[in-house]
Amino acid sequence: MAERLGVATGQSLRIGQATFRIGGVIGDEPDRLGEGFALGPTVIVSRAGLDATGLVQPGAMVRWKYRLRLPASTPAQSVADALTHKFPDAGLELRTRDKASPGLDRFVSRMGQFLALVALAALLIAGIGIGNGVASYLEARRGAIATLKILGATGADIARIYLLQLGLATLLAIAVGLLLGLAATPLIGLALKDLLPIPAGLVLAPRALALAAVQGALIAATFAAPPLLRARAVPAMALMRGRLVPPREGWRARALAMGLGLAAIAAIAVAGAEQPWLAAGFLAAAGGVVALLAGLGWALVRIAARLPRPRAPIARMALANLHRPGAQTGALVTALGFGMAAFVLLAGVQTSLDANIAARVPQRAPDYFVLDVPPAGLPAFRQVVLKAAPSARIRTVPAMRGAIVAFGPPGHMIRVADLARIPDDAWALRGDRGLTFADALPEGNVLTAGRWWPAGYRGEPLVSVDEKLAQAIHLKLGDRITVSLLGVERSARIASFRRIDWDSYGFNYVLVFSPNALADAPYNLAATIELGPDKGKPAVSRAILSGLVRALPSSSVIEVGPVLSQARSILGQMAVAIFAAASVAILAGMAVLAGAISAARAQRQYDAVVLRVLGAGSAQLLLLVLAEQALLALLLGGVALALGTAGAWAVVTQLFDFAWLPGWGTILAVLGGALALVMAMALGGSVGVLRTRPAQALREL
């Protein structure tokens, strides 16, 4: 503000009716985050100086804050509870140091929940990739395993050999992951230094690092166990003939190992979650998706076996490859379907959040808000504004502050002070709120139940309530609401419910009373100014600001442009943070796609050799691979779209409590990109297969 006004220490500044000497310039406000969204810069004055400004008048929007430093042995919450009990009707809003900003706490909590779900999704997706990768690794060593068994190695020897190799690889990967996590901490602090007071230093959290290492080891062990047990249990002759007759023994041991591992992973994830039921629900949903995809793979194999054979040789062979002995269709359906569904889910969440940000921070809004305009000063206010901008549109409403102290049916009203917990959607019960009265339904509001009172109404005091607040605290038409206004309680009967357009940046009040309910109380006016054709002219802005300061020194003029810019900046940083976190799952999904395609490499190599011996050319073999993958990918595209969209809807509406505003173009583009990625990986994985020399491969069979 000092830079904008061109003032420095020692110079003068006029606030209201008082002139101050600037004693210093505030460089940093460490408690700004706990103060909530600020409509203007901070100025610190003495109490005598505040009284001299004349800003504090009956009905003015003033909040008084007291900060208490308690002895270390005194629980802060117990003092807050005692104050609430002692002064139940004072409308106090009490915050302890561990809950200094409830709104921020809720936001951070929801972000933490989302990041926890992203982490679980990345673990599960990576687990599928690990399983495919280990299966591909062991398949490539099928000959060596068979040779060792013929030379006398037992199944336990085989398991120990490859468990040692995979264990060393896992330990190395975990160590690299922990180092990357530690290195990322200061980088995250630097990225968020303008948004959150986070120091950009190295932070060591042994418990978190140990938990990450344990989860990584469990994921690796759980998904590597089935292929290891398969290699351990299969006899040497079956290994030699495994490409023609895939082994089926030992499935019970593999299922048991997989089940125990998944149960341990789920137990750790649920036990460490702030909301165990949310984590458990997500894991159950993920397990349901995997089971659904596995069932789809099983059904696809059987349907492909019963479909009529196409006449085109390539199409006929591509269809046959889906159900022949040794086909990897089931594994591919599970891996590709889960990976592509994750892509769609993240695209749906990202685009919906972006759309909510765009909707909640409108491009069009009033140019100025003016608070605490005295009713007697309204003619002077209009004269100043219309002189500077003749085409300006001015709206005014009565404005005062009060707290809801009771609500409910007559004779059985609930005191807010007696509530053990205030629901999240009932934020209007926390502290004081803006109150107003009106003859007509406010602009941008829609009546959803009840009736509006006629102009000049003189009967029983009535009130119209926001429908979301009514739903949160179970209000009905005919119930009553009591507010404390300047220490005096006023009660009114609920006559209607309204749907409020909070995104309009106009005058939006949770409670709108009939004029006879509040008109006799001291109040000021709040006003909005829309400049119209004069918008953006510096001379007009200077004339309005300077004119209002001189004519109405007790009023506060707020320029909306800087406020919207601040809001867009904060919400934009949030969107970037969400995208960065979701990228972890995207990278894991890419690894899954690569692993799934790599797992079928050995089988494709066998097919390529046989077909080359029978006279097939490289172009035909490549076309066959692409036809098989395209058929599978297209079938899974619709399934991934449905599953991913359903998951994104649940995250956006149930976790973040935002409107479902997906960008279908982006979602379909992401799905198309995933399909193209599958085809590109299939093509890349086939290049080495097509270069295999039949003679060399036949000698190794």
Open item on the list: So R451 passes all but one of these: (1) touching a Phe, Trp or Tyr at 6+ places or on another chain (Cβ under 6 Å); (2) farther than 28 Å from K65 by Cβ. Which condition number does it fail?
Closed with: (1)
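Being within 29 Å of V652 (Cβ to Cβ), in a loop (DSSP other than H, G, I, E, B) and small (G, A, S) narrows it down to one of A273, A291, A266, so name that one.
The unique qualifying residue is A273.
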- [ ] Note down all Cβ pairs under 6 Å where the first residue falls in region 265-294 and is within 22 Å of L643 (Cβ to Cβ), the second is hydroxyl-bearing (S, T, Y), and they're at least six residues apart or on different chains.
- [x] L293/T334; A294/T334
- [ ] Could you give me the residue pairs with C-beta distances under 6 Å whose first residue belongs to region 133-155 and is part of a helix (DSSP H, G or I), whose second residue is open to solvent by 60 Å² or more (accessible area, probe 1.4 Å) and modelled with pLDDT under 80 wherever it lies, and which are 6+ apart or on separate chains?
- [x] A146/M240; G155/R232
Open item on the list: Given (1) modelled with pLDDT under 80; (2) of a type outside the set (D, E); (3) more than 19 Å from D157 (Cβ to Cβ); (4) open to solvent by 50 Å² or more (accessible area, probe 1.4 Å), identify the lone condition not met by P246.
Closed with: (4)
Open item on the list: Of all residues being surrounded by fewer than 16 Cβ atoms within 10 Å (Cβ to Cβ) and free of Cβ contacts under 8 Å to residues at least 40 places away in the same chain in region 444-489, which is nearest to D424 (Cα to Cα)? Just the residue, please.
Closed with: H474
- [ ] Tell me which of these A359 doesn't satisfy, since it passes every other one: (1) surrounded by fewer than 23 Cβ atoms within 10 Å (Cβ to Cβ); (2) modelled with pLDDT of 75 or more.
- [x] (2)
Open item on the list: If I ask for residues that are open to solvent by less than 70 Å² (accessible area, probe 1.4 Å), within 20 Å of Q77 (Cβ to Cβ) and among the acidic types (D, E), which ones from region 397-443 would you list?
Closed with: D424
Open item on the list: Which residue is most open to solvent (accessible area, probe 1.4 Å), if the candidates are limited to region 81-116 and must be at pLDDT 70 or above and closer than 21 Å to M340 by Cα?
Closed with: L115
TODO: Say whether the condition of being surrounded by fewer than 19 Cβ atoms within 10 Å (Cβ to Cβ), of a type in the set (A, V, I, L, M) and within 39 Å of the chain's Cα centre (by Cα) is met by at least one residue in region 374-394.
DONE: yes
TODO: Examine region 343-352 for a residue that is at pLDDT 75 or above and open to solvent by 40 Å² or more (accessible area, probe 1.4 Å), and state whether such a residue exists.
DONE: yes
Task: Out of G129, G155, G181, G216, sole residue that is of a type in the set (G, A, S) and either in contact with a Phe, Trp or Tyr (Cβ under 7 Å, 6 or more places away or on another chain) or open to solvent by 30 Å² or more (accessible area, probe 1.4 Å) (or both) - done: G181
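What number of residues within region 418-440 satisfy the criterion of being in a helix (DSSP H, G or I) and more than 14 Å from I481 (Cβ to Cβ)?
4
Does region 291-310 contain at least one residue that is of a type in the set (A, V, I, L, M, F, W, C), within 30 Å of V118 (Cα to Cα) and modelled with pLDDT under 80?
Initial filter on region 291-310 (of a type in the set (A, V, I, L, M, F, W, C)): 291-294, 296, 298-301, 303-305, 307.
Okay, now just the ones that are also within 30 Å of V118 (Cα to Cα), so 291-294, 296, 298-300.
Restricting the remaining residues to those that are modelled with pLDDT under 80 gives none.
The answer is no, given that none of the residues of region 291-310 is of a type in the set (A, V, I, L, M, F, W, C), within 30 Å of V118 (Cα to Cα) and modelled with pLDDT under 80.
The values are calculated or read from the model by the stated rules, or taken from the named source; none is laboratory data. All values derive from a computational prediction rather than experimental measurement. Here Cβ is always computed from backbone atoms with ideal geometry, including for glycine, and neighbour counts include all displayed protein chains. All accessible areas refer to the heavy atoms of the entire protein, side chains included, with ligands and DNA or RNA removed. Shrake-Rupley method; radii C 1.70, N 1.55, O 1.52, S 1.80 Å.
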